[in-house]
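In what follows, a single structure is set out as structure tokens and then discussed.
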């Protein structure tokens, strides 16, 4: 407790000093964001992640150490297996008691399907092959290496954990929704109403998983890459649901020997909005 | 001094009664919202901030505009503002109070609001906004109350208060700058991501705030024997004209950059606000803010014309019209278009329109009335003290 | 005294109202609550006295360790290992929220927000039945 108080006083003191000069605040903001001039940050379709995995790039600023979990989604495999995407979504939403409110306004979702035009709005849609336009892309939280939501959150209710996963601490969230404005992928949902409620006698939670709590109204939620399951040596539920189709490959992007790193080395992949410098950890083979 | 607020005529009490009943209605609707959740409002997954945050943004500007009185009076010894500087500071107190209330009403878990203090997070702009807003409230309460109290006692303000006065000047600029940073530092929200957002906020604030202040001062002149003096009002008009022109210049810059660069992301929201935006897939045109934004432009132009013309500027009736037009023009521009427009289209380029719900509107009105209640009480005290002091001297 | 006719009744009303809680509950001493302990278990993860006073501190600590620090290793009680979890750990033995948690909580008139998200067996059953 004492330690905490000291830490608080320290931060509060520092804050007061920095508050006098906005430049100081800006500096703090910019920390870890100085790679903007890197050759990979300019909206090219190759994800910056390939290069980072190799660890080269002296002018990248610091190269991130430790684990960074990532996901490769093979869109063609999903296309070849009808219903597979839906299976992934149910596996996730059933595990985490994600409510199905039944209207767009109050919608809560952790992983869902989007057509190419909406998953990749920054890409050209002109004269693309027709197949692309019929594909649907599973989208979820990108667990960015430089997450804007974490920067925005005023209480550290959303934060990056030691495995590179962008986590939500529902206990601490005050529901200001700054993270929702900050997320460039629309990955975050707010509990506009009690997720345990019901409409027309039908509860929003269609299947109860007794091992995971529900949420309460007034907090933000999103995919957590199944952080708890990973600690037990299991795979995320969506990846598990793809079985041995290899439609999803999950692993440590910072480990050159991991399967996910190998897949990324040998395939052409794209990320969502790479130009924004968020360094998404979800890749798509198209 | 506060006892002055307890003496008033029937008009005063019926105005206070009206404000209190609107506050009660707002509080009732807030209880409904508290129990149901923010789903009771018109906000949605795609438009996750609505009237509350947009009013907050606008009112930070009104609060910051007090600096347009404090700076000339205290720093340049512009004596004519001596009579109304306190009115500017009290307007700032009422505005910041509304800002804080709007943030509270917007929180999904208001009971946990103190988490912002318990887990201080310097990389979050909202953390800094909390600091600058509360600091500004504190500065204005101290400076305003001490200055008025010395007038009440017929003495000069104590020396120790001056550092607070001088600090309040850059602090006023900081509150609106930090509020702009809330928006302009977010990747993937093209409309907000512009370096002139903070200066544009300040320009519109320095036009809207003094416009409201002139209306208030003229109302005070009508309902009491306290007269701010034409010289002070004329100076405020000059401030409004320049700030208003700079604001429209900035809006023009935004339009140029958006449309000349021809970058779709930069044009989408401008299209949505001024012309209507067609949905990718269905071709349906969404335009529910277009009438508002166009009205805003027309009001702004008429207002500047009225301000610019000597004949209308010197007619107090027309002056009120000009001020009201400027205030509402900027209220629409910043209190509606800026925040709501930023969410259209969303990051996945879906278009969702936002319409506030009835309880949401009443909560918003309730907060505004709370602000005007604070303002009424403070102005009542200030004017009673000032007229008494003048009678004695 | 000026206005004595107003001040004295005013004072009386004030005293009566401000002591409302005392005289309202007077002579109505409640029984000390007896939460139902789990059958067949002798040890909790910490001594009973500690748990009685500081279970909320421990839960908060677990919460931060599990979610924020990734320390999800299990804890030992009576030779068995349990998850650091309210729903999957504590309630493994303390199966009934109603007969254990609520008994003291309602006596002390506290409503911890745990249950806004975490579910008792009864709540799970209720939610399942609604489907």
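Only residues that are at the interface with chain B (Cβ under 10 Å from one of its Cβ atoms), under 28 Å from residue A:87 (Cβ atoms) and over 13 Å from the mean Cα position of the chain (by Cα) were counted across the stretch A:136-172, and they come to 1. Please indicate, with yes or no, whether at least one residue in the stretch B:222-236 is within 30 Å of residue A:125 (Cα to Cα) and crowded, with 24+ Cβ neighbours inside 10 Å. No, because not a single residue in the stretch B:222-236 is within 30 Å of residue A:125 (Cα to Cα) and crowded, with 24+ Cβ neighbours inside 10 Å. Taking the numbered list (1) more than 9 Å from every other protein chain (Cβ to nearest Cβ); (2) over 30 Å from residue C:124 (Cα atoms) in turn, residue A:276 passes all entries but (1). Among all positions in the stretch B:28-50, there is at least one residue which is within 12 Å of another protein chain (Cβ to nearest Cβ), modelled with pLDDT of 95 or more and under 18 Å from residue B:180 (Cβ atoms). Taken together, the residues in the stretch B:191-211 that are surrounded by fewer than 22 Cβ atoms within 10 Å (Cβ to Cβ), in a helix (DSSP H, G or I) and more than 10 Å from chain A (Cβ to nearest Cβ) amount to 1. Can you name the residue in the stretch B:333-350 that is within 11 Å of chain A (Cβ to nearest Cβ) and in a loop (DSSP other than H, G, I, E, B) and is also surrounded by the most Cβ atoms within 10 Å (Cβ to Cβ) among such residues? Here the residue is B:343.
If you go through the stretch A:188-218 and keep only what is within 9 Å of chain B (Cβ to nearest Cβ), part of a loop (DSSP other than H, G, I, E, B) and crowded, with 24+ Cβ neighbours inside 10 Å, you end up with A:188, A:191, A:192, A:218. Only one of the numbered conditions (1) in contact (Cβ under 8 Å) with a residue 24 or more places away in the chain; (2) out of contact with any strand residue (DSSP E or B) (no Cβ under 7 Å at 6 or more places or on another chain) is not met by residue B:48, and that is (2).
Of the residues making up the stretch C:107-131, those that are exposed (fewer than 14 other Cβ atoms within 10 Å of the Cβ) and at pLDDT 90 or above number 4. Assess whether residue B:103 counts as being within 20 Å of residue B:34 (Cα to Cα) and surrounded by fewer than 24 Cβ atoms within 10 Å (Cβ to Cβ). Taking the combined requirement at face value, the residue satisfies it. Test residue B:228 against the stated conditions and say whether it is in contact (Cβ under 8 Å) with a residue 24 or more places away in the chain, under 28 Å from residue B:384 (Cα atoms) and part of a loop (DSSP other than H, G, I, E, B). Yes.
Residue-wise test of (1) modelled with pLDDT of 95 or more; (2) away from chain A (no Cβ under 12 Å).
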site: B:153; (1), (2): no, yes
site: B:156; (1), (2): no, yes
site: B:159; (1), (2): no, yes
site: B:166; (1), (2): no, yes
site: B:169; (1), (2): no, yes
site: B:178; (1), (2): yes, no
site: B:181; (1), (2): yes, no
site: B:185; (1), (2): no, no
site: B:189; (1), (2): no, no
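Highlighted here are the helices (runs of 4 or more DSSP H) found entirely within the stretch B:22-121 that include at least 3 residues which are more than 13 Å from the chain's Cα centre (by Cα) and farther than 16 Å from residue A:177 by Cα: B:67-70, B:85-106.
Could you tell me whether residue C:112 is within 21 Å of residue A:210 (Cα to Cα), over 15 Å from the mean Cα position of the chain (by Cα) and touching a residue at least 40 places away in the same chain (Cβ under 8 Å)? For residue C:112, the condition - within 21 Å of residue A:210 (Cα to Cα), over 15 Å from the mean Cα position of the chain (by Cα) and touching a residue at least 40 places away in the same chain (Cβ under 8 Å) - is not met.
Just one of (1) in contact with a helix residue (DSSP H, G or I) (Cβ under 8 Å, 6 or more places away or on another chain); (2) under 25 Å from residue C:65 (Cα atoms); (3) in a loop (DSSP other than H, G, I, E, B) fails for residue A:151. It is (3).
Among the residues of the stretch C:25-38, are any surrounded by 10 or more Cβ atoms within 10 Å (Cβ to Cβ), over 18 Å from the mean Cα position of the chain (by Cα), assigned to a loop (DSSP other than H, G, I, E, B) and at pLDDT 90 or above? Within the stretch C:25-38 (the criterion being surrounded by 10 or more Cβ atoms within 10 Å (Cβ to Cβ), over 18 Å from the mean Cα position of the chain (by Cα), assigned to a loop (DSSP other than H, G, I, E, B) and at pLDDT 90 or above), the answer is no, since none of the residues qualifies. Check whether at least one residue in the stretch B:197-219 is farther than 30 Å from residue A:179 by Cα and free of Cβ contacts under 8 Å to residues at least 60 places away in the same chain, and report yes or no. Yes, the stretch B:197-219 contains at least one residue that is farther than 30 Å from residue A:179 by Cα and free of Cβ contacts under 8 Å to residues at least 60 places away in the same chain.
Residue-by-condition table, conditions (1) part of a loop (DSSP other than H, G, I, E, B); (2) touching a helix residue (DSSP H, G or I) at 6+ places or on another chain (Cβ under 8 Å); (3) over 27 Å from residue A:191 (Cα atoms):
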residue	(1), (2), (3)
C:49	no, no, yes
C:65	no, no, no
C:76	no, no, yes
C:102	no, no, no
C:111	yes, yes, no
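In the stretch C:89-100, how many are surrounded by 16 or more Cβ atoms within 10 Å (Cβ to Cβ) and in a helix (DSSP H, G or I)? Here the count works out to 4. Hey, can you tell me all the residues within the stretch A:224-236 that are assigned to a helix (DSSP H, G or I) and either buried (at least 21 other Cβ atoms within 10 Å of the Cβ) or touching a strand residue (DSSP E or B) at 6+ places or on another chain (Cβ under 8 Å) (or both)? Answer for the stretch A:224-236, where residues must be assigned to a helix (DSSP H, G or I) and either buried (at least 21 other Cβ atoms within 10 Å of the Cβ) or touching a strand residue (DSSP E or B) at 6+ places or on another chain (Cβ under 8 Å) (or both): A:227, A:230. Scoring residue A:269 on the criteria (1) under 20 Å from the mean Cα position of the chain (by Cα); (2) within 14 Å of another protein chain (Cβ to nearest Cβ) leaves a single failure, condition (2).
Has the stretch B:262-273 got any residue that is away from chain A (no Cβ under 14 Å), surrounded by 14 or more Cβ atoms within 10 Å (Cβ to Cβ) and within 23 Å of the chain's Cα centre (by Cα)? For the stretch B:262-273, residues away from chain A (no Cβ under 14 Å), surrounded by 14 or more Cβ atoms within 10 Å (Cβ to Cβ) and within 23 Å of the chain's Cα centre (by Cα): present.
The values are calculated or read from the model by the stated rules, or taken from the named source; none is laboratory data. Note that the structure is a prediction, hence the values are computed from the model and not measured. All Cβ positions, glycine included, derive from the backbone under ideal geometry; neighbour counts span all protein chains shown.
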